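The values are calculated or read from the model by the stated rules, or taken from the named source; none is laboratory data. The shown structure was predicted, so the numbers you read here are calculated from the model rather than taken from an experiment. Counting neighbours? That spans all protein chains shown, and the Cβs are built from the backbone with ideal geometry, glycine included.
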Amino acid sequence: MPELTEWLFHKSVALRIPLSVHIDLTMRCNERCIHCYRVVEQRPELTTAELKTLLDDVARAGTLYLTFSGGEVFLRKDLFELVEHARRLHFDVRLKSNALLITPAKAARLRALGVRQVDISIYSADPAVHDWVTKAPGSLERSLEGAATLRDAGVTVKLNCPLMKQNVGQYKEIRGLAERLGVLCGFDPMITAKNDGDRSPVALRITRNELREALQDPALNPQCGKPAAVPPGPDSVRGDLDDIPCGASHNACYISAYGDLMPCVAMPIACGNVRDTPFAEIWHRSPEMLRVRSIRIRDLHTCSSCAASPFCSRCPGQALVETGDLYGPSPANCEHALVGAQVAGSPVIPASMLRRPPSAPHTAVAHVVD
Ligand code: SF4
Ligand code: SF4
């Protein structure tokens with residue numbers, strides 16, 4: 001973390017300031033992506049007036065970074081009104097979009113409003129694969145046109161690509177595409193379950209071997225080629241037991257298109273609804289929010305003694321969605337940590353993959369991984 005960002009992170013955690021707020025403006029979308037986590041409900045989405053009040057409240061709470069996402073944000077007729085309001089409140093605004101509805105006029109307006117970045121989901125450089133993922137014919141071509149239009153208007157663009165079984169072999173082509181366009185790009189091998197617990201998207205996750213191959217590429221894994229962390233001895237404990245697992249509920253939160261306030265978009269724990277209760281009251285007093293905020297690494301029953309933690313970016317939301325246990329490991333993160341350790345030449349094994357054989361004495365452990 002650069003120095004100023006690190007200072008901001010620690011300061012906001014200490015002062016309970018929701019530095020980063022992610023708001024889904026709508027669950028409607030003009031694509032039907034096979035891995036999407038969104039769940040469309042029958043409840044009405046927040047209105048323009050409700051969202052403006054929310055933005056006012058969030059500004060008073062000290063928020064700096066604001067992400068508008070969805071669904072497809074450009075399906076909201078009031079998007080520019082909301083962005084204008086957000087910029088008047090001096091938020092640093094970032095949008096997530098598939099860019100299908102971008103026009104030169106919209107791109108110019110985003111630039112004039114000072115939107116920091118637009119993240120565009122791209123699944124392949126091959127239209128057959130991308131359009132199969134989105135279930136929207138012609139979507140790759142249109143999304144790339146949108147990206148180029150934004151770039152030409154002077155808006156920073158980043159192509160985001162979740163790696164799945166269907167596209168893992170193509171990340172180099174996507175990187176080439178981004179380079180030719182002159183835009184940023186990023187990859188994420190973590191496909192999550194849906195927010196209602198439906199685990200069907202998890203079947204799209206890449207295999208251990210595919211993950212190993214991807215992590216051997218320094219462009220995807222900056223740690224690749226660097227010396228491995230020294231594995232702790234069998235009785236050693238982590239040095240970060242008093243740390244928080246992540247910023248969720250401490251300096252970051254998520255508000256759904258229906259007004260539910262949650263610690264993070266990846267952690268579906270509704271702490272209250274901004275339609276019924278002001279933002280600040282939920283943020284400071286909701287029992288659910290306070291429970292998540294009270295958790296420290298030492299409270300995690302398996303991860304607190306895990307030798308593979310230097311290779312792990314455990315996501316508590318992921319652990320909750322995958323296993324129902326906010327205090328436990330996330331099997332997907334364990335898998336990632338194991339492969340990351342192997343790629344770095346470290347022999348450590350995630351604590352979740354160690355178990356006592358039934359007849360063994362209490363001190364012995366057996367590896368259950370290859
Ligand atoms: S680690 Fe997971 S729960 Fe925590 S902020 Fe990141 S995505 Fe959200
Ligand atoms: S590798 Fe698994 S057990 Fe170890 S810290 Fe990460 S999530 Fe926890």
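Values for this structure:
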quantity	calculated
Members of region 293-309 found to be touching a helix residue (DSSP H, G or I) at 6+ places or on another chain (Cβ under 8 Å) and either in a helix (DSSP H, G or I) or of a type in the set (Val, Ile, Thr) (or both), listed by number	Ile295, Ile297, Arg298, Thr302, Cys303, Ser304, Ser305, Ser309
First in region 109-130 and under 19 Å from Asn30 (Cβ atoms), second anywhere and surrounded by fewer than 15 Cβ atoms within 10 Å (Cβ to Cβ) and at pLDDT 95 or above, Cβ under 8 Å, 6 or more apart	Pro127/Gly138; Pro127/Glu141
Filter pass, Leu75 being under 23 Å from Thr149 (Cα atoms), under 24 Å from the mean Cα position of the chain (by Cα), aliphatic (A, V, I, L, M) and surrounded by fewer than 17 Cβ atoms within 10 Å (Cβ to Cβ)	no
Residue match in region 164-177 (condition: under 22 Å from Lys96 (Cα atoms), of a type in the set (Lys, Arg) and touching an Asp or Glu at 6+ places or on another chain (Cβ under 8 Å))	no
Single residue of region 265-282 satisfying the filter (touching a residue at least 60 places away in the same chain (Cβ under 8 Å) and over 24 Å from Lys194 (Cα atoms)) that is surrounded by the fewest Cβ atoms within 10 Å (Cβ to Cβ)	Ala280
Residue satisfying all of: in region 330-361; away from ligand 1 (no atom under 14 Å from the Cβ) and polar (S, T, N, Q); modelled with the lowest pLDDT among these	Ser359
Some residue of region 320-327 being near ligand 2 (Cβ under 9 Å from one of its atoms) and modelled with pLDDT of 95 or more	no
Any hit, region 56-64, residues being out of contact with any Phe, Trp or Tyr (no Cβ under 8 Å at 6 or more places or on another chain), crowded, with 17+ Cβ neighbours inside 10 Å, in contact (Cβ under 8 Å) with a residue 24 or more places away in the chain and not acidic (Asp, Glu)	no
Checking Tyr327 against (1) within 14 Å of ligand 1 (Cβ to nearest atom); (2) closer than 30 Å to Thr207 by Cα; (3) assigned to a helix (DSSP H, G or I), the condition it does not meet	(3)
Within region 328-351, considering residues that are more than 7 Å from ligand 2 (Cβ to nearest atom) and small (Gly, Ala, Ser), the one nearest to Met190 (Cα to Cα)	Ala332
Output for region 266-292, where each listed residue is in contact with a strand residue (DSSP E or B) (Cβ under 9 Å, 6 or more places away or on another chain), among the aliphatic types (A, V, I, L, M) and in a helix (DSSP H, G or I)	Ile282, Met289, Val292
Criterion (crowded, with 16+ Cβ neighbours inside 10 Å and within 30 Å of Thr47 (Cβ to Cβ)) met by exactly one of Ser286, Ser330, Ser309	Ser286
Matching residues, region 83-126, being over 23 Å from the mean Cα position of the chain (by Cα) and at pLDDT below 95	Asp126
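A quick yes/no check of all residues on (1) out of contact with any Phe, Trp or Tyr (no Cβ under 6 Å at 6 or more places or on another chain); (2) in contact (Cβ under 8 Å) with a residue 60 or more places away in the chain:
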| position | (1), (2) |
| --- | --- |
| Arg298 | yes, no |
| Ser305 | yes, yes |
| Ala319 | yes, no |
| Gly340 | no, yes |
